[in-house]
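Here the structure comes first, spelled out in structure tokens, and everything after it is commentary.
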């Protein structure tokens, strides 16, 4: 019993780690918070030391996240290179490659495995099910496996949400790019206008391209890297069209207008596709919730009359 209590406490501590790490990115650079902390420390009369600067950080930044990273680094030694590259690729597609380290994802996977498996094993231990211990352990391991892949499912959901947002914002962004280029601005200045106009994933991607170009990267390479980070076929075709227009000397405004029209048609087609899927998705709640309720309401009076009739003796 004491061992079981220790396991449950360990699982709860892991769940707390999982919750805290999920709420805040550990390695993300928050310039505003850092500047505010430095300004607060610079205004104080006491001399600024490294120890005081470290103690000014929250407890989770000083203790929890470094511990999580250490456990993740320990786990990554036994992780195949392909699995690590897959996690890095998913973080890149989710737009969190600069905020979350792959070691944190590995740590979250092991915490999720212990959390899900430990909870199910604890429920079996306090329950009254007369099952063999091997069956209980097997079910707990199955739930632990689900908990192990739960962070991967969350990453996949973030990737889908980000790609959907970018796909939805592309026609309007390309319209603004077209207007800016036709007004006489260069392509880089037009992308800067898009990044200033909206605060979306697409505008952030354009802002990163501008920063990379300012740091010395060739623009076509920066655009191709942006397409790789987004992972959308629409963005890949857009980048290829822009690069070909520069290489062949085609008018960039015409290329952008054609791309904007195609993106708008694509967005309408996706909306129609989602509309056609709606009746099929509605069958699940209708078959599982509405139809049983209607059957109970409609057939209960008939069933009561049947039991009270002469045929009721057949069911007794």
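Scan segment 242-259 and tell me whether some residue there is on the phi > 0 side of the Ramachandran plot and over 24 Å from the mean Cα position of the chain (by Cα). Give the derivation first.
Of the residues in segment 242-259, the ones on the phi > 0 side of the Ramachandran plot are 249.
Subsequent filtering for residues that are over 24 Å from the mean Cα position of the chain (by Cα) retains 249.
Yes, because at least one residue in segment 242-259 is on the phi > 0 side of the Ramachandran plot and over 24 Å from the mean Cα position of the chain (by Cα).
When residue 302 is evaluated against the numbered criteria (1) at pLDDT 90 or above; (2) more than 24 Å from residue 167 (Cβ to Cβ), which criterion, by number, is the only one it fails?
Going through the list (1) at pLDDT 90 or above; (2) more than 24 Å from residue 167 (Cβ to Cβ), residue 302 breaks only (1).
Across segment 125-139, what is the total count of residues that are part of a helix (DSSP H, G or I) and at pLDDT below 85?
So in segment 125-139, the residues part of a helix (DSSP H, G or I) come out as 125-126, 133-139.
From the residues that got through so far, the ones that are at pLDDT below 85 too are 125-126, 133-137.
Residues meeting the conditions: 7.
Applying the selection to segment 85-109, what residues are surrounded by fewer than 22 Cβ atoms within 10 Å (Cβ to Cβ), farther than 14 Å from residue 158 by Cβ and modelled with pLDDT under 75?
Listed by number, the list holds a single entry, 98.
Would you pick out the residues in segment 234-264 that are within 20 Å of residue 166 (Cβ to Cβ) and exposed (fewer than 11 other Cβ atoms within 10 Å of the Cβ)?
Within segment 234-264, none qualify.
The values are calculated or read from the model by the stated rules, or taken from the named source; none is laboratory data. If you're wondering where the values come from, they're calculated on a predicted model, not measured in any experiment. A quick note on method: Cβ atoms are made from the backbone with ideal geometry, for glycine too, and the neighbour counts reach across all protein chains shown.
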